[in-house]
Amino acid sequence: MKHPSPARHGFSLVELSIVLVILGLLTGGILTGQSLIRAAELRSISTELQRYQTATQTFRDKYLALPGDMTNAESFWGTQHATDATCKSTASTTTATCNGDGNGIMEGPARSNERYRYWQHLSNAGLIEGTYSGVSGSANSYHTLIGQNAPAGKLSNGGWTLFHQTVPATHVLNWDRAAHVFLYGGQRDGTSGAPILKSEEVWNIDQKIDDGKAGSGLVRNYDNWTTTPDCTVSGNYNLTNTGQICSLIFVVNF
């Protein structure tokens, strides 16, 4: 005697529809979440810029000098090395530091490593977070190591470099002034200038705090020499390209 086969049940169209709706909601939520995270990271660039400018002004009000450039830093935080020339090239692992020359310009390692002592002095004064070596990396005299001699940004792989940009500067569009600038981008041998931002993203940042133009004002595109395609087209941000092809410089008034 044959026994009847057990009944087989599949999903109804209603049940399948519900599953598809749930999957759609989950996918949409993930994409929305990623978009919100990216937007928050981009906003952090402007926030960090303001934080470092405010910290610098606060430092100058308190110590009557610019961080990195102050001539009596060792009196406050100790001497990294008794010989001045050796001090300037010796990495710090504590608050012990070196004096600057007081000329108002953050100079590179060829002079006194002031562009890297800048971050150490701000940290020593309790005005920014982190511990910084105060010297360039080993690759060359302008070797920024994000998180070691200069601060990392909230944006993944992003970081900051400070330097004094003179004229001419073929890697900065229409550059016409000598000024201190913050460079924001990813890790590379010489600076934090590797492209990690989209043209639309840097245009948005520029538009909110400056003039929205890549080759004028206080916010500009930083030409990475080897980037193809470039972040700019005819002096404007290359908004038709959606790749991460940009990094930025911010002119600062100190």
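Here are a few things to note about the model shown:
- From phi via Karplus (6.51, -1.76, 1.60), per-residue ³J(HN,Hα) for the stretch 74-81 in Hz, x at Gly/Pro: 5, 5, 8, 10, x, 9, 5, 8
- Charging the Cβ of each Asp and Glu at -1 and of each Lys and Arg at +1, and nothing else, the dipole of the chain about its Cα centre rounds to 700 debye.
- Mean projection of the Cα convex hull over all viewing directions, computed for the chain: 21.9 nm².
- Whole-Hz ³J(HN,Hα) from phi, Karplus 6.51 cos²θ - 1.76 cosθ + 1.60, for the stretch 130-135, glycine and proline x: x, 10, 10, 6, x, 9
- Legend: helices of the chain (whole DSSP H runs) are marked when their alpha-carbon atoms reach 15 angstrom or more along the helix axis and their mean Kyte-Doolittle hydropathy is at least 0.0; marked are 13-63.
- For the chain, calculated [θ]222 nm from helices alone, where every DSSP H run of n ≥ 4 adds -39500 (n - 2.57): -11000 deg cm²/dmol
- Spin-label zone in the stretch 92-122 - amide nitrogen under 12 Å from a point set 7 Å from the Cα of TYR63 along the C-beta vector: 95-102, 114-122
- With the simple spin-label model, which puts each label point 7 Å out from Cα in the Cβ direction, the ARG43 to ALA179 separation comes to 2.6 nm.
- Rounded to two decimals, the Cα radius of gyration of the stretch 190-254 over 2.2 N^0.38 Å is 1.01.
- Normalised by residue number, the volume inside the convex hull of the Cα atoms of the stretch 136-181 is 103 Å³ per residue.
Rule-based calculations on the coordinates, nothing more; no lab input. Small disclaimer: the values here were computed from a predicted structure and weren't measured. Counting neighbours? That spans all protein chains shown, and the Cβs are built from the backbone with ideal geometry, glycine included.
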